[in-house]
Amino acid sequence: MNMERNILQENMRRFKTLNLTEAEAKAELVDADSNQLLVNINNIKGDIERSDRKNMRFKQGVESFQIGLSLLGYKLPVYGVDGLFGPETERALNKFKGDNDLEENGIFDTKTKELMYNKLKTANIKDEDIEKYTHSSKDFSTLDGKITHTYSGRSAKGIQILIDTMVENGVTDPVAQVGMLAVIGKETHFINKKEIAYQNTSNKRINKIFSKTRNMSDSELDNLKRDYDKFFNLVYNGRIGNNNKDDGSKYVGRGYNQLTGKANYQKYGNKIGIDLVNNPDQMLDDKIAAEVAVKFLISRGVPEFSNPIESTLYFADVNSGSPKRRAREHSIEELQKFDIT
């Protein structure tokens, strides 16, 4: 699962976190380096087909040819350079192939790679041409050292508890640790708490988060969100193992990573040997919450990571269950508060 070293920037001691100040999707694993872009495209191995795969090699390959398509005039106006091979990317790729007498089969194959590489090389692209498709960045000091951050007080204490728990669970690489922290931080800013009420949240925002509220009138939703138990029973019941009428409000988000749903309380309670189902408020104990958060994020294993961006994206996808643009972006934003020194 580790990416090839030679498709990353030549200096692996200094890695970049992203400054996500714009709404459109931009590359997360490709820098504004025209020579490196050509290397990335040339190093793509095998065919790339439409998929929601999460590994970093796949994502960097897709980001690279998405930038190539955009530079050659085949735009991605809705989703941009997001590293996900969906319908928009497939349409742009087929248009490029069709315009160049290649079979429009939705596959980035060897012939397509060679054609794109030669066209980009002939076009004499420059770093500034790529900048609009990538993010500005700051440097990490090193990849092997102590994690530092901008937090203080209770949040700083939570970070240390989480790092200690990671080490206890065999996660000793600071690159992996900082990726996990970035994902946890965007959930709670390292304050262990119970999910707050939505009574002061706009109905538009609630509708975006919870599909079950979308057919309700504003007055109905206004009344519902004033009642904590009724609100969470509506939005959470019938899923995540919440099968009894009051399960939704009983198993709301708690802990550093906001563990939610009876099924998850059962699963992770079993993993740590504590009955969280009958006493879900035990999740408000910092040490228990840290153990659950770490177990949750390492549930699919911990590969060897090449840089903090790679680890952050990996754990963001684990936390979300699948690649989600907003979750990735918020996690990368959180990563900017950390360094390794």
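The number of residues in the stretch 170-215 being of a type outside the set (Gly, Ala, Ser), over 24 Å from ASP281 (Cβ atoms), free of Cβ contacts under 8 Å to residues at least 60 places away in the same chain and assigned to a loop (DSSP other than H, G, I, E, B) comes to 3.
For residues that are β-branched (Val, Ile, Thr) and at pLDDT 90 or above, tally how many sit in the stretch 76-92.
Going through the stretch 76-92 one residue at a time, the tally reaches 1.
Could you tell me which of the residues GLU304, GLU333 is of a type in the set (D, E, K, R), surrounded by fewer than 19 Cβ atoms within 10 Å (Cβ to Cβ), modelled with pLDDT under 95 and not in a helix (DSSP H, G or I)?
Details: GLU333 fails: not in a helix (DSSP H, G or I).
Sole residue among the options that is of a type in the set (D, E, K, R), surrounded by fewer than 19 Cβ atoms within 10 Å (Cβ to Cβ), modelled with pLDDT under 95 and not in a helix (DSSP H, G or I): GLU304.
Flag: ASP144 does not match the condition of being outside any strand (DSSP E or B), touching a residue at least 60 places away in the same chain (Cβ under 8 Å), surrounded by 13 or more Cβ atoms within 10 Å (Cβ to Cβ) and charged (D, E, K, R). Of all residues in the stretch 278-301 being among the small types (Gly, Ala, Ser) and either at pLDDT below 95 or outside any helix (DSSP H, G or I) (or both), which is surrounded by the most Cβ atoms within 10 Å (Cβ to Cβ)? Across the stretch 278-301, the extreme among qualifying residues is SER299.
Out of LYS95, LYS45, LYS113, one residue alone is outside any helix (DSSP H, G or I), charged (D, E, K, R) and either modelled with pLDDT of 90 or more or out of contact with any Leu (no Cβ under 9 Å at 6 or more places or on another chain) (or both). It is LYS45. Please verify whether the stretch 232-250 includes one or more residues that are under 29 Å from ARG154 (Cα atoms) and in a loop (DSSP other than H, G, I, E, B). No, the conditions are met nowhere in the stretch 232-250.
Report yes if LEU93 is among the aliphatic types (A, V, I, L, M) and in contact with a strand residue (DSSP E or B) (Cβ under 8 Å, 6 or more places away or on another chain), otherwise no. The answer is yes for LEU93. When the stretch 147-169 is limited to residues that are out of contact with any His (no Cβ under 9 Å at 6 or more places or on another chain) and assigned to a loop (DSSP other than H, G, I, E, B), the one that is surrounded by the most Cβ atoms within 10 Å (Cβ to Cβ) turns out to be ASN169.
The values are calculated or read from the model by the stated rules, or taken from the named source; none is laboratory data. Since we're looking at a predicted model, the values are computed, not measured. Here Cβ is always computed from backbone atoms with ideal geometry, including for glycine, and neighbour counts include all displayed protein chains.
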